[in-house]
Structures are given as C-alpha cells and as structure tokens.
Amino acid sequence: MNAAAARFLSPSEAARQLGISAKALRLYEERGLIAPGRTPAGWRAYGPAEMARGAEIVALRALGLGVGEVARILNGDAVVLDRVLAAHEAALEARIRQCGDSIAKLRRLRADLGGGKIPATGDIIGAVRTRPAIGVAFDLPWPWGGERFELRDIKRLNYIVGPLGSGKTRLAQRLADALPGASFVGLDRAADGGTAVRARLDADPAHKTRVAASLATLLAGGAVDSPALTALLAELEADDDAILVIDMLEQGLDAASQEAIIAHLRRRRPEARPLFFLTRSNAILDLDAVGHDEAIILCPANHSRPICVTPVPGAAGYEAVATCLASPEVRARTEGTIAWRPS
C-alpha cells in the first residue's frame, strides 16, 4: 500500500479510531453528517478530512446532543448552538456549586479532625459525593423465581431493555413499588388524545409553564409537537422529587422527538432525580452515546436474573441488548405488540 492510500481508513478502522461502532458511523453518513470517499472498487474510505469531521461529531455527541442537534450545529444553526451552550453553562455552574459545597464540608471535617474529633464515615462519604447514593433491593416477581435483585448507587438515567416476554414491565413496576416515593408512568399517559393531561396542566399554571418551556426547547431541537410528547413532559416536569419509572419512553414519539427527548434528559442538572425507562428504540438507547451516569438493565430472554450491562462490545449482555433495539420506524410498526404465552 502506498503512502497516499495509507492515509485512508476502512469503516471498521475509522470507527475503531473514533471510539464508536461501525453502525454509528453508518448512521452519521445516512443523516448527512459525514461523507466518506470511495475507493476505485467502490468501498467507503475515510481520509483526514472525514476523520476530523468524525471527531467533531463524537465530541458533540459526548455533550449529550442528539444526532439531529449535531447536524444543525454543524450546519451553523445559531439558535440550537446558543441553547446547547446555555445548557452546558448551567451544568457547569451547578457543578461549581456542588464543588463549593463539598469543599465547605471537607474544611469542616478537617477542622474537626484538627480539634481531635474523628469524623464519622457517613460524613466523609457525604462530603465527597456529588449526589446522595440511592439503592434498592427486592425479590424478583414472576417470571423469575424470587431471586434477589439489587441496584447500588442508582444512576441518573437507567434504561430497562429486553425482548418481548422477558418480564421487563414487571421489573419496572416492582422497581416503582420498591423505590421510596417512586411512580410508575404507564402507556396510558396520553389516553383520550391528552385531554386529561391538558386539564391537569390548566389546573396548575406553574406546572403548565414548566411544560411549555421544556416543549419549546424540544421543538427547537427538532421534536414534533404531539399529545404523547406533552403527556411525557407533564410527568417529567411534575413539581416533586418522585423517581419516575416510565413504560416505553418512545411511546407515540417519532424519531426526531425521541432523539430530542433523550438529549434533553441528558442535559438535566447533575442533582436531578434518577429516571428509569423501558425502551426498545436505538434512538433512545444509542449504545455509542451512553454516559458515565447512565445504566443499562437487561432482562434476558431466558428469564435469568436481570443484569447491568456495560455498553462496550464484548461485555456480558451487550449483544443481547443490541438485538433488542430497533430504529424508531421499526418500533412504530411493532408498537403495542404483546408476546403470546401458552396457558
């Protein structure tokens, strides 16, 4: 291979160098974010310019942006860029406040230590944590055999994934029962075209204002206004600290809205309440975009105990999770499908 040819990479090589999957790279091409060259034989080839563009996409995605938002920013959309920068600024300010609080706690502990008082272990842990640790443990319901299930230090975003009939809805409902003050949000949230939701918002102007603000942000990010989106935001913007366990986050949302909502959830303040949600959409659960404060819980098809899956190819459960996910278009065709179980 000559020097000029050596500068170009195959899709698998380019993906590996960028730290993403070849599938993600193909998605970026399909969405017009990157345009690889072609070899004389017609194979895709990624040169320095394409790799530089790919690195920009990966860096923007690391900020929690959806693919649609990345496309608009790369195309010079000032409105989206300003909103993203404002959200990032707010997140940094929140972290600064948290660091200030932690520093003050550590100084108090050191002062006590200097005075001969040994701080309690709980006080030490509380001084260095950015958020109080939340955990839960319970015996699993049917279709499991009553095995013990435990989650320690629950993340901000928690995906529950599994094939049809795997028991993931029962797991979600059991989580909602076991977590203190948690609430299960079912598929009926937008029933009757959202009439009940609109009445609920009309009765609480402050709640309605919060929903309207979030809706405006999502629409600016490419989402499509719909009763399903409003109903979801009504739950997310409720004025309480309840942990939400949401059945099929993508319910009733098109692809653009799914990408916008997950990007919106990733931009929440660091101390925001944890969220659990079921999904089988690869727009909601993009395995290449899962952050450090996100967790994937897999309910295996054989009804083995649910496990937490690391989003790295080759990790236990990774391929099983990947096979559960489909594009929003495929999910729309199978929405409402229920696995048949012999009596």
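Long hydrophobic helices in the chain: the complete DSSP H runs spanning 18 Å or more by Cα along their own axis with mean Kyte-Doolittle hydropathy of at least 0.0 are 48-61, 78-114, 205-220. Cα extents for the range 22-104 along the principal axes, largest to smallest and rounded to whole angstrom: 63, 27, 20. Over every Cα atom in the chain, the radius of gyration and the widest Cα-Cα span, Dmax, amount to 22.4, 76 Å. Whole-percent P(r), the range 159-226, all Cα pairs, 5 Å bins from 0: 3, 13, 14, 17, 18, 19, 12, 3, 0. Heavy-atom accessible area with a 1.4 Å probe sorts Asp77, Asp225, largest first, into Asp225, Asp77. Taking a quarter of the surface of the Cα convex hull of the range 110-203 gives a mean projected area of 10.7 nm². For the range 100-256, the percent of C-alpha pairs falling in each 10 Å distance bin, counted from 0 to the bin holding the largest distance, reads 9, 27, 26, 21, 12, 4, 0.
Taking 0.36 nm per residue of separation and subtracting the Cα-Cα distance, full extension of the segment from Ser12 to Glu29 would add 4.7 nm. Given the alpha-carbon gyration tensor of the range 185-283, what are the semi-axes of its equivalent ellipsoid in whole angstrom, ordered largest first, with each equal to the square root of 5 times an eigenvalue? Each semi-axis is the square root of five times an eigenvalue, giving 18, 16, 14 Å.
Per residue, the accessible area of the range 221-343 comes to 43 Å², computed with a 1.4 Å probe over protein heavy atoms only.
Here the alpha carbons of the range 58-181 define both size measures, Rg and Dmax, at 21.5, 61 Å.
As a length-normalised measure over Cα pairs under 8 Å and 6 or more apart, the relative contact order of the range 15-81 settles at 25 percent.
Sum up the lysine pairs in the chain that clear both bars: alpha-carbon distance under 29 Å and a spacing of 8 or more or different chains.
6
The values are calculated or read from the model by the stated rules, or taken from the named source; none is laboratory data. All of these numbers come straight from a predicted model, not from anything done at the bench. Protein only, heavy atoms only, side chains kept; ligands, DNA and RNA dropped before computing areas. Shrake-Rupley method; radii C 1.70, N 1.55, O 1.52, S 1.80 Å.
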